[in-house]
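Please treat every number below as a calculation from the coordinates, not as lab data. Note that this is a predicted model, so its numbers are computed, not measured. Methodologically, a virtual Cβ is constructed for each residue, glycine included, from the backbone with ideal geometry; neighbour enumeration extends over all protein chains shown.
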Amino acid sequence: MSPRGLRETPDDCMYLCPFKTACLRCAMAGTQGVPVHEEIIERSEQAGMIGFFERWSRKKQLAKK
């Protein structure tokens, strides 16, 4: 997490690792990615980009995982 409260890729991964994209996709697809997806949903609702029912639906889909 950055000081601004956002998740950031470490510099070593971002610039030096040729596998960063595959690695990040794998991490997000697993159970460790669920809290990150939940944070994205919460931020989207707070920003007014999604409504209550869409948030509820997306969180329910995540809970199934």
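Restricting to segment 1-46, name every residue that is of a type in the set (Asp, Glu) and not in a loop (DSSP other than H, G, I, E, B).
ASP11, ASP12, GLU38, GLU39, GLU42, GLU45
What number of residues within segment 12-65 are touching a Phe, Trp or Tyr at 6+ places or on another chain (Cβ under 8 Å) and either under 18 Å from MET1 (Cα atoms) or of a type in the set (A, V, I, L, M, F, W, C) (or both)?
Total meeting the criteria: 0.
Anything in segment 9-53 that is of a type in the set (Ser, Thr, Tyr) and either farther than 18 Å from LYS65 by Cα or in contact (Cβ under 8 Å) with a residue 60 or more places away in the chain (or both)? List them, or say none.
Selection gives THR9, TYR15, THR21, SER44.
Residues are listed down the side, and each one gets a yes or a no for (1) in contact with a helix residue (DSSP H, G or I) (Cβ under 9 Å, 6 or more places away or on another chain); (2) surrounded by 12 or more Cβ atoms within 10 Å (Cβ to Cβ); (3) at positive phi:
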residue	(1), (2), (3)
THR9	yes, yes, no
TYR15	no, no, no
GLY30	no, no, no
HIS37	yes, yes, no
ILE41	yes, yes, no
GLN46	no, no, no
PHE52	yes, no, no
LEU62	yes, yes, no
